[in-house]
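I have placed the structure first, in the form of structure tokens, so that the comments after it can refer back to it.
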Amino acid sequence: MASKDQKGLTVQKENDFSEWYTQLIQKAELIEYSPVSGCYILRPNAYHIWEKMQSYLDGLIKADGIKNCYFPLFIPESLLTKEKKHVAGFAPEVAWVDYGGDTKLGERLAVRPTSETIMYDAYAKWIRSHKDLPLRLNQWNNVVRWEFKHCTPFLRSREFLWQEGHSVFATDSELREDTLKMLNFYERTFREMYAVPTLQGKKSEGEKFAGAVYTLSVEAFLPNGKAIQGATSHHLGQNFAKAFDIQFSDEKQQKQYAWQNSWGISTRSIGVMILMHSDNKGLVLPPKVAFTQAVIVPILFDNSRNAVLTEAHNLVKKLSKKNVSTYLDDRDDYTPGWKFNEWEMKGVPIRIELGPKDLVKKQVLIVRRDTGEKKAVALEKIDVEIPALLETIQHSLFAKAEKHLKESIVTVLNFKDAEKQLKTEKLLFVPWCGKPACEEEFKEKTGAKSLNSPFEQPALKKDQKCFACAEKAVVWFYFGKSY
């Protein structure tokens, strides 16, 4: 067989997290860098993960009565500037189109950073009566935010894929219920598809969406001691309704401004999953998003080649009937060891080894990607054992990540302890005054910022002081270093 260079990682996750991640996403064939800085090519292995997540979340969205649609990529400047806080929040990130060919446009067009403004211009035309409500639409699209910070594939890019939902209600109570429901959809998606546990809660005033009354989020905590925002659901109140004149006649024929929210998850979620589970051998994929769930590597010799391949093809058929995505790697120009390394790098959850000795014993050797555990399984039980093991792996990955999250949370009551715990890569749970100036000063001193406050709040002592500035504490909050 021809000699091939190993494609393994040259750094370890615990020693150089950034370089480890950069190598992994390329060697696992997830990302290719493009000629445009900050814009990345999603290779089929990565796009498959997005499609699996998309299918799951889209099912939740549609089952709840929300309909999909599509709005234009280009937004007239006059629409983008209608809600002042909103445009101020996005102004540094907006990419503009000034020319169509050689002709200067009469009005600049923004390349969609988010779709509130162009969608709500249409909503104002469609909504007239309380009978037109609720209006609940979602779209799967791409957006452009011209980041000037350090771009990182999946985590922070200038163009990314996402879904953005935009709903309109007659009352604030309906809106609040729906905003929380959408957040729960995201928590379920991270848990069920990515095997990632998250913290659900409300963002600080300084971290909320531009133009929102409040923002809810799911936050993950990664093995490198950094938190990362996974998805958000924004209570927009009547801010945009007033800016875009979205009014309806209620049952008493009185004009009322509508109540709105918006909510979204992006391809950043793939990066969260990669960083959470992967190791020094490469990518580790939860089975529910894996492009290949099981790979069969036959051990071939001239005198038993046909018999081994015949049984390998039978295994593919058996597993396909059980809806297990299976690939038979029967390439002749690579050694079994080289194949093992390649499929470990690509994160395939289960490797099935089959050789002439296994045929005699009527068994295969199964290897788990997440733990490396090996187990002999009878050929006649393969169609039962593999689906069950895939479920076990999915749950095992979540349990490991959940254990890490719980063990990383520490309660601290003062600045000195907070600073100490951050150095040990912990996630802080603190009594906080809630003031933006306090948050900003803490971030400047430590590099850490607020994440969110849990919905279920422990009682604060009557004289409880803020952990950072010693003023009166009003809320328990999660703080940590983050992306």
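Derivation of every value follows stated rules applied to the coordinates shown; laboratory data play no part. Predicted, not measured: the structure shown is a model, and the values here were computed from it. When we count neighbours, we look across all protein chains shown, and the Cβ atoms used for this are built from the backbone with ideal geometry, even at glycine.
Neighbour counts of C-beta atoms inside 10 Å place Glu159, Glu344, Glu177, Glu116 in the sequence Glu177, Glu159, Glu344, Glu116, starting with the fewest. Other residues lying with their Cβ under 14 Å from the Cβ of Asp98 contribute a combined charge of -1, Lys and Arg counting +1, Asp and Glu -1. Counting only DSSP beta bridges whose two residues both lie in region 408-481, roughly 75 percent are antiparallel. Neighbour counting of Cβ atoms within 10 Å sorts the residues Ser157, Ser129, Ser304, fewest neighbours leading, into Ser129, Ser304, Ser157. Looking at the chain, the DSSP beta bridges with both ends there are about 85 percent antiparallel. Assuming charge only on the beta carbon of Lys and Arg (+1) and of Asp and Glu (-1), the dipole of the chain about its Cα centre is about 680 debye to the nearest 20.
Ordering Leu451, Ala388, Phe467 by Cα displacement along the dipole of region 365-483 toward the positive end leaves Phe467 in first place; charges were set at the Cβ atoms of Lys, Arg (+1) and Asp, Glu (-1).
Looking at region 294-389, the DSSP beta bridges with both ends there are about 55 percent antiparallel. Here region 260-331 is treated with +1 on each Lys and Arg Cβ and -1 on each Asp and Glu Cβ, and its dipole about the Cα centre works out to around 280 debye. Projecting the Cα positions of Ile299, Tyr334, Val316 onto the charge dipole of region 294-389 (unit charges on Cβ atoms of Lys, Arg, Asp and Glu, taken about the Cα centre) puts Val316 furthest along the positive direction. For Asp302, the shell of other residues with beta-carbons less than 15 Å away shows a net charge of -1, using +1 for Lys and Arg and -1 for Asp and Glu. Once you reduce region 116-163 and region 48-67 to the center of their Cα atoms, the two points are 16 Å from each other. Dividing the mean sequence gap of close Cα pairs (under 8 Å, 6+ apart) by how many residues region 408-481 holds gives a relative contact order of 41 percent. The mean sequence separation of alpha-carbon pairs under 8 Å and at least six residues apart, normalised by the residue count of region 1-77, gives a relative contact order of 15 percent. The local environment of Lys481, defined by Cβ-Cβ distances under 11 Å, has a net charge of +4 under the rule Lys, Arg +1 and Asp, Glu -1. Residue exposure proxy: His130, His166, ordered by other Cβ atoms within 10 angstrom of their Cβ from fewest to most, comes out as His130, His166.
Summarising the overall dimensions of region 408-481 from its C-alpha atoms, the Rg and Dmax are 11.0, 30 angstrom.
The charge dipole of region 209-293, taken about the Cα centre with unit charges on the Cβ atoms of Lys, Arg (+1) and Asp, Glu (-1), comes to about 160 debye, rounded to the nearest 20.
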